[in-house]
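The values are calculated or read from the model by the stated rules, or taken from the named source; none is laboratory data. The model shown is predicted, which means the values in this text are computed figures rather than measured ones. Here the Cβ is made from the backbone with ideal geometry for all residues, glycine too, and neighbour counts use every protein chain on show. We work out accessible area using only protein heavy atoms, side chains counted, and drop any ligands, DNA or RNA first. Shrake-Rupley method; radii C 1.70, N 1.55, O 1.52, S 1.80 Å.
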Amino acid sequence: QVQLVESGGGLVQPGGSLRLSCAVSGRTFSSLTMGWFRQDPGKEREFVAAISWSGGGTYYADSVKGRFSISRDNAKNTVYLQMNSLKSEDTAVYYCAAPLLSKVVPASTPSGYRYWGQGTQVTVSS
C-alpha cells in the first residue's frame, strides 16, 4: 500500500509563501506520477498541480499558474508544492495524491488517483 504524508501547512498572510511536502512510502517513488489537490469545506476537490514520474513535465491549474511550483526529490521520496503570492481563495486542505499505476500521464481529476494523504491545512488570512 502506498502511503502519503503531507506537511508544511499553516496560517499565512495574503501575499506570503508556504512550501508543502509529501513524503511517500510503500512503492518505488521514482516511478510515480504525483499530484496536488485542495478542498475547502462545501466545495469539490480541486486540481492544483501535477508532476510526471520523470519530473520532466509539470502541470498547473489556471488559478495557480505563475504562483505555485511543483517539484520532486526522488532521493528523498518527496514531492513539494511551493506556494507564493498566496491569496485568501487558496485557503483549503491540500492533499497529495498518487495513481494506481506507475508511469502514467498526470491527471487533473481526483478519479485519476488512487492513493491520498491525510491532508494539510493552509489558511490565508489577514
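Summed over region 107-125, the residues that are farther than 21 Å from G8 by Cβ and part of a loop (DSSP other than H, G, I, E, B) give a count of 4.
Return the total of residues in region 105-126 being open to solvent by 40 Å² or more (accessible area, probe 1.4 Å) and touching a residue at least 60 places away in the same chain (Cβ under 8 Å). Number of matching residues: 11. Every test in (1) open to solvent by less than 60 Å² (accessible area, probe 1.4 Å); (2) not in a strand (DSSP E or B); (3) not aromatic (F, W, Y) is passed by A50 save one, and that test is (2). Return a yes/no flag: does region 29-51 have any residue that is more than 16 Å from L81 (Cβ to Cβ) and hydroxyl-bearing (S, T, Y). Yes, some residue in region 29-51 is more than 16 Å from L81 (Cβ to Cβ) and hydroxyl-bearing (S, T, Y). Among the residues of region 27-39, at least one is assigned to a loop (DSSP other than H, G, I, E, B), out of contact with any strand residue (DSSP E or B) (no Cβ under 7 Å at 6 or more places or on another chain) and within 23 Å of L101 (Cβ to Cβ).
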